[in-house]
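First the structure, in the form of structure tokens, and then the observations on it.
The values are calculated or read from the model by the stated rules, or taken from the named source; none is laboratory data. Since the model is a prediction, treat every value here as computed from it, not as a measurement. Quick reminder, even Gly has a Cβ in these numbers, built from the backbone with ideal geometry, and neighbours come from all protein chains shown.
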Amino acid sequence: MIIEKIKSPADLKNLSISELNQVADETRQAILNRVSKHGGHIGPNLGFVEATVALHYVFDAPKDKFVFDVSHQSYPHKVLTGRASGFLGDVDDMNAISGYSSPAESPVYDNFEVGHTSTSVSLATGLQKARDINGTDENIIAIIGDGSLSGGEAFEGLDTASELGTGIIIVVNDNEMSIAENHGGIYKNLSALRQSNGQCEHNWFKAWGFDYKYLEEGNDVEKLIEVFKSVKGTKVPTVVHIHTEKGRGFAPAVEHKEQWHWGMPFNIETGESLFPSGGESYEELFSNWMLGEMQNDKTLIAVTAGTPAAAGFGPEKRLKAGKQHIDMGIAEEQAVAMISGMAKGGLHPVWTVYSTFIQRTYDQIAQDLCINSNPAVINVVGGGVNSMNDITHICLFDIPMLTSIPNLLYLAPTTCEEYFAMLRWAIKQDKMPVALRVPTNGVNHTSEPQPAEFSFVPEYKVTKKGSEVAIIAAGSFYQKGENVVRLLADKGIDATLINPRYLSGIDAKTLDALKANHKLVVTLEDGCKDGGFGERIAAYYGTSDMKVMVGGIKKDLYDRFDAQKLLADNRLLDEQIVEDITNIITK
């Protein structure tokens with residue numbers, strides 16, 4: 001194989017077009033080998049193989065700087081920059097290679113840790129400005145998919161690149177898809193540009209002040225080389241718009257583009273998953289419930305921002321929901337402002353978003369939503385250790401973020417029945433925004449009756465009365481709290497167990513009552529403890545004699561962590577918690 005001999009992009013320079021095409025074929029097979037055994041982003045990487053070969057053939061990395069947007073198309077780049085073993089080797093070799101652009105992994109060829117979308121142009125303008133000030137002459141190349149153009153930061157980056165007015169090359173990888181279908185007015189112009197071979201009268205990029213080149217054959221190495229050579233060394237902001245095929249070279253990924261955007265390991269011959277989903281999921285339960293409710297309530301709106309699968313709204317369910325589902329592309333800021341406006345207008349929107357993407361819209365939640373007290377609902381999914389674990393996708397920070405915003409209730413259901421009780425109430429109430437942290441430890445059920453109403457002032461639920469030690473276990477860690485109480489009972493300690501339900505406030509009455517016959521309160525939360533729920537409890541007890549043990553994850557930037565090891569490192573395994581409690585109360 002040629003790619004086994006490629007240690008750097010310089011090794012491509014003397015290859016013929018025929019050999020470069022062989023490199024592309026081998027790179028595609030290497031990607032399929034990795035994702036079939038390891039999982040990862042499939043369709044977008046398969047579609048960007050030829051473009052990557054051409055980019056590295058024409059430009060001179062690492063002198064010339066590549067900035068990948070969201071990194072969903074960075075696998076071919078890794079293969080050609082000395083990391084082919086992560087695609088050709090065994091699973092251990094694959095584990096050593098991140099699924100995202102990472103200077104920690106390759107400081108020479110990867111310029112930024114990138115895992116959230118719409119960022120590449122903005123990051124590249126910083127390199128552009130640095131080059132201009134330093135008086136150097138490297139090419140700055142930002143690579144951005146058409147789906148990423150829906151995010152506001154992409155607009156800001158384009159605006160700045162045009163204003164700087166110096167050489168920058170923005171490669172728009174247009175495969176006519178985001179994760180699912182594209183949403184937004186810009187895609188009308190991209191479609192017109194494709195249909196006219198880049199010649200239509202109205203050109204969005206030219207209107208911004210960019211030189212513009214279009215290539216229909218975005219998977220043709222020879223033609224890609226030609227167009228990239230024509231812009232190398234440009235002194236002005238330039239867009240190269242290439243039309244590629246998402247999933248190219250793997251029939252299932254071409255036929256079912258949304259399904260094959262990302263996936264778990266699969267049988268490369270049949271396309272069948274090696275980890276088929278089974279049992280209940282909150283995505284399925286939520287989407288089915290919403291569709292049922294929508295039939296009788298035309299004001300109920302399911303909202304997503306580029307990730308409809310987070311809410312269980314696949315293509316068929318989106319079609320069934322019709323106008324009662326809206327996806328605004330990868331634009332979380334727009335989602336928050338829009339649900340605020342919808343709630344103001346008398347609708348009942350429920351926006352479902354992964355925990356990691358809450359970070360992208362903190363200001364809109366605080367300003368556009370909470371200051372205005374508009375009663376929209378936010379479904380936060382994937383929060384906690386048993387979720388995405390790449391450094392760019394850590395799902396541990398939503399509790400500190402959301403609980404720091406006034407006028408927002410953040411609820412933590414512990415079971416399926418409690419979740420839907422809270423959801424029904426949150427949709428019905430008209431006082432303020434409500435966020436729900438959907439459990440990530442499986443779908444647990446209870447036969448206990450659930451309230452139809454919840455208070456706007458936190459009211460914890462004491463589920464077992466004991467003495468000496470009280471365990472306040474929130475959300476996905478409630479079942480952990482149950483386990484700890486059972487283990488303590490085996491040691492002769494009759495502990496109290498509390499389901500706090502509210503992450504965003506203090507139930508002073510319940511906490512004060514514990515002072516009578518308890519000397520230790522233990523808080524457990526599935527997330528970052530710095531600035532989180534437990535520290536708020538500890539601060540409340542600060543001037544009293546009550547001891548507080550705060551259980552959560554230490555604030556840090558973890559990368560590809562093992563969930564059980566992370567729990568162990570933070571003394572959050574059931575036995576560790578019991579050991580620490582015993583040590584405290586026996587002193």
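Odds and ends about this structure:
- Checking the stated criteria, residue 133 turns out not to satisfy the condition of being surrounded by fewer than 24 Cβ atoms within 10 Å (Cβ to Cβ), within 25 Å of the chain's Cα centre (by Cα) and among the β-branched types (Val, Ile, Thr).
- Whichever residue in the range 479-494 is without any contact (Cβ under 8 Å) to a residue 40 or more places away in the chain and part of a loop (DSSP other than H, G, I, E, B) and, among such residues, is farthest from residue 549 (Cα to Cα): 492
- Test result for residue 501, at positive phi and in contact with a strand residue (DSSP E or B) (Cβ under 8 Å, 6 or more places away or on another chain): yes
- Considering residues of the range 110-136 that are of a type in the set (Ser, Thr, Tyr) and touching a helix residue (DSSP H, G or I) at 6+ places or on another chain (Cβ under 7 Å) only, the residue farthest from residue 147 (Cα to Cα): 125
- Of all residues in the range 463-478, those satisfying the criterion of being of a type outside the set (S, T, N, Q), over 10 Å from residue 523 (Cα atoms) and in a loop (DSSP other than H, G, I, E, B) are 465, 466.
- Against the numbered list (1) farther than 30 Å from residue 586 by Cβ; (2) over 34 Å from the mean Cα position of the chain (by Cα), residue 518 comes up short only at (1).
- Residue in the range 23-45 that is in contact (Cβ under 8 Å) with a residue 40 or more places away in the chain and in contact with a Ser or Thr (Cβ under 7 Å, 6 or more places away or on another chain) present: no
- Near pairs, Cβ below 9 angstrom, 6+ apart or cross-chain, from the range 140-155 (in the same structural domain as residue 129 (by TED's automatic domain parsing) and within 15 Å of residue 228 (Cα to Cα)) to any residue that is of a type in the set (Asp, Glu) and surrounded by fewer than 24 Cβ atoms within 10 Å (Cβ to Cβ): 140/64; 141/64
- No other residue among 44, 107, 62, 103 is in the same structural domain as residue 28 (by TED's automatic domain parsing) and not in a loop (DSSP other than H, G, I, E, B) apart from 44.
- Total residues in the range 436-462, condition touching a helix residue (DSSP H, G or I) at 6+ places or on another chain (Cβ under 9 Å), within 20 Å of residue 370 (Cα to Cα) and free of Cβ contacts under 8 Å to residues at least 60 places away in the same chain: 3
- Restricting 33, 21 to residues that are in contact with a helix residue (DSSP H, G or I) (Cβ under 9 Å, 6 or more places away or on another chain), within 17 Å of residue 251 (Cα to Cα), polar (S, T, N, Q) and in a helix (DSSP H, G or I) narrows the list to 33.
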